[in-house]
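One structure is given here, and the rest of the page talks about it.
The values are calculated or read from the model by the stated rules, or taken from the named source; none is laboratory data. Here the structure is a predicted model, which is why all the values come from computation and not from measurement. Virtual Cβ from ideal backbone geometry, glycine too; neighbours counted across all protein chains shown. To get the accessible areas, we keep the full protein, side chains included, count just its heavy atoms, and leave off ligands, DNA and RNA. Shrake-Rupley method; radii C 1.70, N 1.55, O 1.52, S 1.80 Å.
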Amino acid sequence: MSEPLFPETAARISTDARPVAKAAVLGQFQLMLLLLFGISGPWFAFLIYGVGPLLDIGNESVPTVTPQPDSPPEIERNPPVKVQPQTPPADTSAYASSESALLKELHRVELEPLHGSVANLLSEAQSQAATLNVRLQQMLTNAEGQRLANIEGVRAFRIVRQQTDATSDSLRSIEVKLRNETSQATGIFSTAELNTRKSALRETERQLENSAKMIGRLNELLDGQLKKSVAISDVTLEAALGTIQADIERRIEEAVVSQLQAAETADDMELRKLDSIRLEKENSLREAEIQLEKLQKDSALQLRKIESSAEESALQRDLARVGARKAMEQALPAMRGLLSPVISKGYKQPDSAQSMKVVVDPGPLSLSALMQFGALNEDKKGMETLFYLVQPGNAFGNLNDRPLGQFPKYTDEFVIQKPAVIETVRKVQRFLIEHGDAMVEAGILSR
């Protein structure tokens, strides 16, 4: 919507409009003359250039345009609204789900034709194998099979049946493999994984084609053998199979394998070489088994000897233990008085070479403690330790709470130097060293 004109501007435009109108009229007249000139030719050219100046044609006055004052700035009535950019939603699960579904569909579309082709090939191969199996089963008892109830026919039949069983097993493995592949065909894979699956399916496709060719060759082999065997035997093929000798069957297998594979002399040599290697390995295995059996027998014999020796040693130890206890029991009565501070029950046990500690359960002195603190060492210090340790009172005030009996009593620091005391302490020490284990076993000493 335009702004209204100011009054001065409107009057000036009205005054300047008259020359403009005159110029417009003259211009229209000039155009008409030009039109007539274009039609009439040179006569109108004479009129224009001869009469035109008299009529002031082409010399229109140019209107003078008075400079106008600057118009006031236009006020923006409806300012544009700034649109803030929208941030994407924080939750992108919908986009991820859509992308996942698209990838699954693309993978399914790409793998489905190849899966279908392999499945069709598998179905055809299984159908051919089943038909051949039925034929082989019927030939065991029908007239067609009787035509093969001879050496050559039996040889061909056995090889065909073995190859058919192997092909059927292969087809079953492929079926399981394809079923697993189909169950995973709608997952999301990387490009490398997708290519790997394609390669695996193409390899399966090649295997199925080879299986179908093998079934065809086996049927051709049976048909060819039937053409050769015109005579019908009196026995069934099943009966003939049961009466063929093992060495004849081996030669039949070699001949049929040679016919199927068109083996040359080099192949036969390779087979013989492999058979020789197999025999060598079997011989080596038998020798190893013989050696192992011998080692096992020797080991069993050695084990029995060791067990016997261990039993004998255990028996000897038991006898020695019984003898030691019997000897201790015989010698103990004469020593019981001297051993009173050792074998009597009390609440004190050796805590060091010269002190005792209180224990919970009463009992005789511990043989291991006496040995630990040197009381059974056969030297001067060992005898002094035993003498001072069993006293009911010593210089440190630690008391043995067992009766001293006939054991020498501490009276002063020189008493241990008396020969009679030394001899008595040595006698007790030697008794404990010799019969200590038997005393522990009998419960006379603590362990």
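Computed values, structure above
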{"read-out": "Pair list, Cβ under 6 Å, 6 or more apart: the range 308-333 residue among the charged types (D, E, K, R), other residue open to solvent by less than 100 Å² (accessible area, probe 1.4 Å)", "value": "Arg325/Ala438"}
{"read-out": "Given (1) surrounded by 14 or more Cβ atoms within 10 Å (Cβ to Cβ); (2) out of contact with any strand residue (DSSP E or B) (no Cβ under 9 Å at 6 or more places or on another chain); (3) not hydroxyl-bearing (Ser, Thr, Tyr), number of the condition Asn400 does not satisfy", "value": "(2)"}
{"read-out": "Among (1) open to solvent by less than 50 Å² (accessible area, probe 1.4 Å); (2) under 47 Å from the mean Cα position of the chain (by Cα), the one test that Ala262 misses", "value": "(1)"}
{"read-out": "Leading residue by the ranking (farthest from Asn142 (Cα to Cα)) among those in the range 208-231 that are at pLDDT 80 or above and open to solvent by 100 Å² or more (accessible area, probe 1.4 Å)", "value": "Lys213"}
{"read-out": "Cβ pairs under 6 Å, 6+ apart, first in the range 404-428 and within 13 Å of Thr385 (Cα to Cα), second part of a loop (DSSP other than H, G, I, E, B)", "value": "Tyr410/Gln391; Val428/Leu338"}
{"read-out": "Test: Gln296 is over 30 Å from Gln126 (Cα atoms), at pLDDT 80 or above and open to solvent by 100 Å² or more (accessible area, probe 1.4 Å)", "value": "yes"}
